[in-house]
Amino acid sequence: MELVEHWVLALSGLILLASGLLELPLGRRYYVTEIPSVTWAGDFFVVLYIHYAAAILFVAVAFFHLFYHGLLGHNGLIPRRGDLKAAIVVIKSLIGKAEEPPFHKYLPEQRIAYAGMAFIIAMLIFSGLVKTYDNLVNPQLPYILALTATWVHNVFSLFFFLTFLVHVTALAIRPNRPLIRGIFTGFVRLDYVHDRHKLWLNDIS
Amino acid sequence: MSKVTRRNFLKLSTGALFLSGMAGFTGCVESRRPGNLTTLIDCNLCDGCVDLDAPLCVAACRQRAIERIPDPVEPIPQPFPRGEIEDWSNRKDVLDRLTPYTHLYIQRVDIIDGDGGERTIYVPRRCMHCDNPPCATICPFTANHKHSNGAVVINSDMCFGGAKCRDVCPWEIPQRQSGIGIYLDLVPTLAGNGVMFKCDLCYDRVRDDRLPLCVEACHRFAMVFGQKRDIEMEAIRRAAQVGGYLYGMRENGGTGTIYLSPVSFDKVNDAIDSGPGRPHMAQVERHLEKASVLESSVLLSPVIGMGAGLAAAALVAVKGRGGDGGGD
């Protein structure tokens, strides 16, 4: 289930980022529309339809995630007391300045990043829904509300892109590389878990 | 009808009553009350002010525009990579098309009648102030917005001049002046290219319960301004009375500008000199109508996700497996 959630969210999120960028009038200016088979990129209506289609998946999966895991009490990714301190130790260990402590299923900085990403996604969804309501139901929302929704959406799109970069870059760090297999299969090697996630192993044993 | 000034009353009722020879219309300006204000432009009455250097409505509108638009910087930054700028600052006297300084112009249309006779009508052209304007809904910075009184207004302090509003406008109304605006303070060669301008329905005047300058300036009372329902009823009544044709009530899903013409708009459109800055008068479907199913689905997607999450969690609970309980 988590694998499907992750990939639907990731792929729809990337489509949203790309189509959102094309909603800025940059496609024609920077000759994107002259790339064969990408001429549609200059049609703001077509790009908007793509943005909406991806948003349906993105929003639905985000709400599914919230309710499914919330109701089942899956709280392993919720930040805990001491995570910030522990995350600094982990980061130091990655550059050889400290000993890496044993971990549960998730690393402390993963929990912090999850909370940050959840906040960014929540802001994107909320502002996006206001914008969609403005487009569909009432184009005469108070100007300050429409303007705020737009700029929240734009600024948090930038944050989303930056956190996506950090998320992907984390996989380039050597100790994290065994996780790449997990992204595609849902499984990680047992020897990796033995080495790094002793607390998790203890829990499930 | 809460506020009827003497001047407004004269413009709205006397003009309509005496010049068109019709009775019964008593519209008024109620801009503080939410509701779309609408203009009826009666081409039976407009004579294009042919004896004047500039039509009165155009001159009044342009004077206001010129006073409000700052001079562009010199030299205007060349936008990378295309280097295309639009500079009208040395052509403020252009009156035969829409420009950043001319938000209203008169289209002269020479029409050949069915019997071979020629007929000339004059059509004041400006922003239609659509009911659901794509220029506003699709602006990436919400620099363009439809306000509660129906005016579609570009906030020149927020506009980057990307001209997306012009691309999505069925009539390509907004016009760009390069070398001014907020983009100059950021990365002027890489993003942005000026500010877009168009008729704002004299938003500041209307907000104070005054008439738009074009309506006020017209000595033939060819423009009537008021609440949408009143104006639409008046337009239908006049059209029925003179056997005329209406344009703007259905175009692009409905607009805040209705034209009444003695000849069909198919003929007007065929005869019109349309092109950049010179809008057509063809029938226009609302493009974003096709997106309404998608938009509705976006608004429903939280409910869909929530329902699926509840169902899946219930299924897992019934089967007695709640995951590993510690981390997912």
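The values are calculated or read from the model by the stated rules, or taken from the named source; none is laboratory data. Quick caveat, the model's predicted, so the values are computed rather than measured. Note that we place each Cβ from the backbone using ideal geometry, even for glycine, and neighbour counts take in every protein chain shown. Only protein heavy atoms, including side chains, enter the accessible area calculation; ligands, DNA and RNA are left aside. Shrake-Rupley method; radii C 1.70, N 1.55, O 1.52, S 1.80 Å.
Which residues, taken from region A:118-139, are open to solvent by less than 30 Å² (accessible area, probe 1.4 Å) and more than 8 Å from every other protein chain (Cβ to nearest Cβ)?
The answer is A:Ile120, A:Ile121, A:Leu124, A:Ser127, A:Val130.
In region A:37-61, what residues are more than 11 Å from chain B (Cβ to nearest Cβ) and more than 26 Å from B:Ile85 (Cα to Cα)?
A:Ser37
What is the residue count in region B:300-313 for residues that are surrounded by fewer than 16 Cβ atoms within 10 Å (Cβ to Cβ) and over 9 Å from A:Tyr68 (Cα atoms)?
Number satisfying all stated conditions: 3.
Quick one: which strands (runs of 3 or more DSSP E) sit completely within region B:89-180 and have at least 3 residues that are within 14 Å of chain A (Cβ to nearest Cβ) and either open to solvent by less than 10 Å² (accessible area, probe 1.4 Å) or within 16 Å of B:Gly277 (Cα to Cα) (or both)?
B:144-146
Pull out all pairs, ordered by first then second residue, where Cβ-Cβ is under 9 Å, the residues are six or more apart or on different chains, the first lies in region B:247-272 and is among the charged types (D, E, K, R), and the second is open to solvent by less than 30 Å² (accessible area, probe 1.4 Å) and in a strand (DSSP E or B).
Cβ pairs passing all conditions: B:Glu251/B:Cys130; B:Lys267/B:Val109; B:Lys267/B:Ile111; B:Lys267/B:Ser261; B:Asp270/B:Ile111.
Identify, by number, the condition in (1) under 16 Å from B:Pro134 (Cα atoms); (2) not in a loop (DSSP other than H, G, I, E, B) that B:Ala308 doesn't meet.
(1)
Identify all residues within region B:237-257 that are in contact with a Leu (Cβ under 7 Å, 6 or more places away or on another chain) and over 25 Å from B:Cys61 (Cα atoms); write none if there are none.
B:Arg238, B:Ala239, B:Gly244 - these are the residues of region B:237-257 that are in contact with a Leu (Cβ under 7 Å, 6 or more places away or on another chain) and over 25 Å from B:Cys61 (Cα atoms).
Return the total of residues in region A:180-194 being under 19 Å from A:Val90 (Cβ atoms) and either loosely packed, with under 15 Cβ neighbours inside 10 Å or within 14 Å of chain B (Cβ to nearest Cβ) (or both).
Total satisfying the criteria: 5.
Residue check, A:Pro142 against (1) modelled with pLDDT of 95 or more; (2) open to solvent by 40 Å² or more (accessible area, probe 1.4 Å); (3) not charged (D, E, K, R), all met but one. Which one?
So A:Pro142 meets the others, but not (1).
In region B:314-324, how many are open to solvent by less than 40 Å² (accessible area, probe 1.4 Å) and either more than 7 Å from chain A (Cβ to nearest Cβ) or at pLDDT 90 or above (or both)? Break it down stepwise before answering.
Initial filter on region B:314-324 (open to solvent by less than 40 Å² (accessible area, probe 1.4 Å)): B:316, B:322.
So of that shortlist, the ones also either more than 7 Å from chain A (Cβ to nearest Cβ) or at pLDDT 90 or above (or both) come out as B:316.
Final tally of qualifying residues: 1.
Scan region B:294-304 and tell me whether some residue there is within 20 Å of the chain's Cα centre (by Cα) and among the acidic types (Asp, Glu).
Checking region B:294-304: not a single residue is within 20 Å of the chain's Cα centre (by Cα) and among the acidic types (Asp, Glu).
I'm told A:Ala41 meets every condition in (1) in a helix (DSSP H, G or I); (2) on the phi > 0 side of the Ramachandran plot except one. Can you identify the failing condition by its number?
Every condition holds for A:Ala41 apart from (2).
Could you say whether any residue in region A:36-51 is within 27 Å of A:Ile183 (Cβ to Cβ), touching a residue at least 24 places away in the same chain (Cβ under 8 Å) and not assigned by TED's automatic domain parsing to the domain that holds A:Asn154?
Within region A:36-51, one or more residues are within 27 Å of A:Ile183 (Cβ to Cβ), touching a residue at least 24 places away in the same chain (Cβ under 8 Å) and not assigned by TED's automatic domain parsing to the domain that holds A:Asn154.
Being hydroxyl-bearing (Ser, Thr, Tyr) and either surrounded by fewer than 24 Cβ atoms within 10 Å (Cβ to Cβ) or assigned to a loop (DSSP other than H, G, I, E, B) (or both) is the filter here; which residues of region B:191-249 pass it?
Within region B:191-249, B:Tyr203, B:Tyr245 qualify.
Is there any pair linking a residue in region A:84-99 that is over 17 Å from A:Gly116 (Cα atoms) to one that is among the basic types (Lys, Arg) and open to solvent by 60 Å² or more (accessible area, probe 1.4 Å), with Cβ under 7 Å and at least six apart or on different chains, and which?
Close Cβ pairs (under 7 Å, with a partner that is among the basic types (Lys, Arg) and open to solvent by 60 Å² or more (accessible area, probe 1.4 Å)) amount to A:Ala98/A:Lys92.
Looking only at region A:79-105, which residues are farther than 16 Å from A:Ile173 by Cα and either crowded, with 16+ Cβ neighbours inside 10 Å or at the interface with chain B (Cβ under 10 Å from one of its Cβ atoms) (or both)?
Passing the criteria: A:Pro79, A:Asp83, A:Ala86, A:Phe103, A:His104, A:Lys105.
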